[in-house]
Amino acid sequence: MATQGLPEIGFLSDVSAGLKEMLSQQATEINLSPGDTLFEQGDEGDALYAIIKGAVEFSVLALDGRKLTLEMMRRGELFGEITLFDPGARTATATAVEETLLFRVRHADVLKQIRRQPELAVDMIHLAGQRMRWMGRQLNEQVFLPLPTRLARKILHLAPEAALSPCKLDLSQAELAEFVGATREAVSKILSIWKRDGVIQGARGGLVIQDWEGLSRLAKPDQI
């Protein structure tokens, strides 16, 4: 049984009390240091995870061997629940980017509890539905929003939890370009404009958010 409580943010903020209790009772704590790999692309998926603290990066290898970063999840996020419904190989590699604490619940244990408490199946379906809607929003943003808006949203999403200006984000322009599906040159041009306007500032190996409200306006939260 896990010794810490589940955070009340992210995907976990909408989880039912019964599901939270089940996750806590069945969970094993996993501690990761920066750079530790939780699982690799192609590994068999046999568990779901909740991030209690820290951050996990998800990446894939392109055909030419380059690492492409797909997403970064922080405290309060869940991942791995899809393989509960559709068992198969992991589609990405999960790597800790900070000191990270995870709760791991084996799929076999989840299914055992669902058989004892069928109402948990409804909670798990609800959780999977939330994930599908989230993925749909990500796709809509990628297809319909202009690059500056996508980039502003991604920077805000990747910034450390509850961050205030100034705030350091340790991602290169090439890495940010991978996140938003653009070239490094296109991202560099936008960041140069934002630097001129005082929204961000360049920093070694990343950038510093100088104007959080200004960046939020650039993200245009009223769209999509």
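Relative to 2.2 N^0.38 Å, what does the C-alpha radius of gyration of the range 1-112 come to as a ratio? Two decimals please.
This ratio for the range 1-112 stands at 1.05.
³J(HN,Hα) across the range 28-33 via Karplus (A = 6.51, B = -1.76, C = 1.60, θ = phi - 60°), whole Hz, x for Gly/Pro?
10, 7, 10, 9, 10, 9
In what sequence, highest mean first, do 107-113, 149-155 appear when ranked by Cβ atoms within 10 angstrom?
149-155, 107-113
Using only Cα atoms, locate the centre of the range 178-224 and the centre of the range 34-52, then give the distance between them in Å, rounded to an integer.
30
When the Debye formula is applied to the Cα atoms of the chain, each taken as the same point scatterer, what base-10 log of I(q)/I(0) results at q = 0.07, 0.10, 0.11, 0.17 Å⁻¹?
Cα-only, vacuum Debye calculation for the chain: -0.24, -0.50, -0.60, -1.29.
What distance in nm separates the two pseudo spin-label positions at D170 and A108, each 7 Å out from Cα along the beta-carbon direction?
3.7
Out of the total accessible area of the chain (probe 1.4 Å, heavy atoms of protein only), what percent is carbon and sulfur?
With neighbouring chains kept in place, the figure for the chain is 53 percent.
Given the Cα-Cα distance of K195 and E213 and 0.36 nm per residue of separation, how much length would full extension add, in nm?
Gain in length upon complete extension: 5.0 nm.
Based on the Cβ-Cβ distance from E98 to E119, what FRET efficiency comes out when R0 is 25 Å, to the nearest 0.05?
FRET efficiency, E98 to E119: 0.10.
If you place +1 on the Cβ of every Lys and Arg, -1 on the Cβ of every Asp and Glu, and leave all else neutral, what size is the dipole of the chain about its Cα centre, to the nearest 20 Debye?
520
³J(HN,Hα) across the range 121-133 via Karplus (A = 6.51, B = -1.76, C = 1.60, θ = phi - 60°), whole Hz, x for Gly/Pro?
5, 4, 4, 5, 5, 4, 5, 5, x, 4, 5, 5, 5
Listed highest first by mean packing, meaning other Cβ atoms within 10 Å per residue, what order do 131-139, 81-89 come in?
Per-residue Cβ counts within 10 Å, averaged per peptide and sorted highest first, yield 81-89, 131-139.
Does anyone have the angle between helix 147-158 and the longest principal axis of the chain? Alpha-carbon axes, 0 to 90°, nearest 10?
50
Rounded, prolate or oblate: pick one for the range 164-224, where a ≥ b ≥ c are the square roots of the eigenvalues of its C-alpha gyration tensor, a/c under 1.5 means rounded, and failing that, prolate if a/b is larger than b/c, else oblate.
Oblate, since a/c reaches 1.5 and b/c is not below a/b.
Taking amide H positions as placed in the peptide plane 1.01 Å from N, state which residues far from F39 in sequence (5 or more) or on other chains have amide H under 5 Å from it.
Sorted by chain and number, the residues that satisfy this are A94.
How far, in nm, would the chain grow between L70 and E21 when pulled straight, counting 0.36 nm per residue and subtracting the alpha carbon separation?
Once the chain is fully extended between L70 and E21, it gains 14.6 nm.
Counting only heavy atoms of the protein chains, get the accessible area per residue of the chain (1.4 Å probe) and round it to a whole Å² value.
It amounts to 52 Å² per residue over the chain.
Would you mind checking which residues have amide H under 5 Å from E98's amide H? H placed 1.01 Å from N; only 5 or more apart, or other chain.
Residues meeting the criterion, in which the H sits 1.01 Å from N, are G35, A55.
The values are calculated or read from the model by the stated rules, or taken from the named source; none is laboratory data. Since the model is a prediction, treat every value here as computed from it, not as a measurement. Cβ atoms come from the backbone with ideal geometry, glycine included; neighbour counts cover every protein chain shown. Remember, those area values only see protein heavy atoms, side chains included, never the ligands or the DNA or RNA. Shrake-Rupley method; radii C 1.70, N 1.55, O 1.52, S 1.80 Å.
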